[in-house]
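Step one of this worksheet: look at the structure below.
The values are calculated or read from the model by the stated rules, or taken from the named source; none is laboratory data. Only a predicted model underlies this, so the values are computations on that prediction, with no experimental measurement involved. Neighbour counts run over all protein chains shown; Cβ positions are idealised from the backbone, glycine included.
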Amino acid sequence: MKRGVYLLPNGLTLCGMFFGFYAVISALNGDYPRAAWSILIATVFDGLDGWVARLTNTTTKFGLELDSLSDLIAFGVAPSLLLYTWTLAPLGRLGAGAAFLFVACGALRLARYNIQMVSTEKMSFTGMPIPAAASIMATLVIFYHSLSSVPPAGSIMVFILTIVISLLMISTLRFHGVKELDLKKRKPFWVLVFFVLIIFFILLHPPSALFFFAMAYLFWGIIENTYLIYRKRRLLASENREDT
């Protein structure tokens, strides 16, 4: 600390923290779409700070700790408060419990990530990343308010989704991350075409497109892990039959 800190990556981290804090204020004021968009903007800064730190070789222990604290605010506290004020409050203790579960599982997810990032989480993630979990809930709010201006008070579906997402964060399921994409290597031409199509669908109707991509990430992770577990069990069963 006597030698100072790097301003650029840590400044980007603080920007993400600010938008998380702004999301909290917007949720308390009843401006739910603004709160949800603020969370999504925070995810952009969360990706930028790590990318800039690696690009400029300015990754430090201080930056990693600050990033975790920022993530807990922007992707743990802000989404849980948004969900509680938006729809879970009428459920009473159940709603409060679901909102707290999201924060608690997010904190556990970050703590586990900090001790595993060098080994098991160098590329893919163990459990759903907390920015992805927050993005799913934020895009849900944005998509809903593109269709209706009245919040869904006491929604059981959102209550169940909150619990499922919370448990996925602390699960041992493997989820893909942007780090798996090596941008330095050549890619097939269809990858560029796919990227153009993503931009096209987002421009058509941003709320629907963002919600679709967020849910696609969720279901793809569940389906892929289910298939891997099934294949592993079949492999173990075949090995047992050969031994006998």
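Couple of notes before you dig in:
- Some residue of the range 44-53 being in contact (Cβ under 8 Å) with a residue 12 or more places away in the chain and within 26 Å of GLY97 (Cβ to Cβ): no
- Some residue of the range 111-123 being in contact with a Gly (Cβ under 9 Å, 6 or more places away or on another chain), hydrophobic (A, V, I, L, M, F, W, C) and not in a loop (DSSP other than H, G, I, E, B): no
- Residue, modelled with the lowest pLDDT, within the range 67-105, restricted to residues that are small (Gly, Ala, Ser) and under 15 Å from the mean Cα position of the chain (by Cα): SER68
- Residues that are modelled with pLDDT under 95 and of a type in the set (S, T, N, Q), drawn from the range 116-145: GLN116, SER119, THR120, SER124, THR126
- Test: residue in the range 79-87 that is aromatic (Phe, Trp, Tyr) and assigned to a helix (DSSP H, G or I): yes
- Within the range 1-33, tally of residues that are free of Cβ contacts under 8 Å to residues at least 12 places away in the same chain and either in contact with a strand residue (DSSP E or B) (Cβ under 9 Å, 6 or more places away or on another chain) or under 24 Å from SER148 (Cα atoms) (or both): 3
- Residues of the range 25-61 that turn out to be in a helix (DSSP H, G or I) and within 23 Å of PRO9 (Cα to Cα), as a count: 20
- Flag if ASP46 is of a type in the set (D, E, K, R) and surrounded by 19 or more Cβ atoms within 10 Å (Cβ to Cβ): yes
- Close contacts from the range 203-226, counting a first residue that is under 18 Å from VAL141 (Cβ atoms) and small (Gly, Ala, Ser) and a second that is part of a helix (DSSP H, G or I) and at pLDDT 90 or above, with Cβ to Cβ under 7 Å and a gap of 6+ residues or different chains, come to SER208/PHE143; ALA214/SER135; ALA214/ILE136; ALA214/THR139.
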